[in-house]
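Step one of this worksheet: look at the structure below.
None of the figures in this text is laboratory data; all of them are computed from the coordinates on show. Predicted, not measured: the structure shown is a model, and the values here were computed from it. As a convention, Cβ positions derive from the backbone with ideal geometry for all residues, glycine included, and neighbour counts pool all protein chains shown.
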């Protein structure tokens with residue numbers, strides 16, 4: 001990647017992310033005390049847009065991403081008997097949309113990968129534990145996850161470029177957060 005390519009990439013990122021950008025911003029605020037790990041995802045206007053419904057009393061960690069009316073958009077579920085931690089994201093019909101998993105060996109930092117249908121993949125890079133990371137597809141940032149916009153505990157923002165499946169990006173974010181913070 002040459003200097004000109006890096007400049008164009010940064011220019012495109014500035015046009016999408018940050019103040020005045022085209023990216024859509026969501027706020028994820030977890031309830032500190034809840035049965036089943038339920039919480040709302042709000043848009044930048046403070047309206048409740050999505051709900052994460054954690055299923056209590058299950059053998060596998062199971063979460064449903066629903067719209068504001070309660071319609072299930074996808075199910076996020078821990079995969080058992082896998083070598084590495086992984087969570088599958090399925091549509092309401094049970095078809096797999098993505099598989100989120102940790103890299104097998106990552107000596108210096110946590111690395112995550114999202115396998116999508118058709119041999120496509122997204123990469124999760126940054127500090128996952130502190131909610132400061134990015135999702136990339138084909139070397140282009142499609143989402144930025146950060147706590148820097150909020151001072152409230154267990155609250156972080158997700159900025160997503162408009163031409164990506166928003167529900168899938170939010171489901172990936174929920175899956176990464178669930179695997180990175182298993183005690184929650």
Once both labels are modelled 7 Å past Cα along the beta-carbon direction, what's the residue 181-residue 29 spacing in nm? 1.4
Exposure proxy order (Cβ contacts within 10 Å, fewest to most) of 65, 135: 65, 135
Neighbouring Cβ atoms within 10 Å as the yardstick, rank 178, 62, 22, 173 fewest first. 22, 62, 178, 173
Going from the fewest other Cβ atoms within 10 Å to the most, one would list 179, 87 as 179, 87
Which FRET efficiency value, to the nearest 0.05, do you get for residue 67 and residue 120 by plugging their Cβ-Cβ distance into 1/(1 + (r/R0)^6) with R0 = 35 Å? 0.90
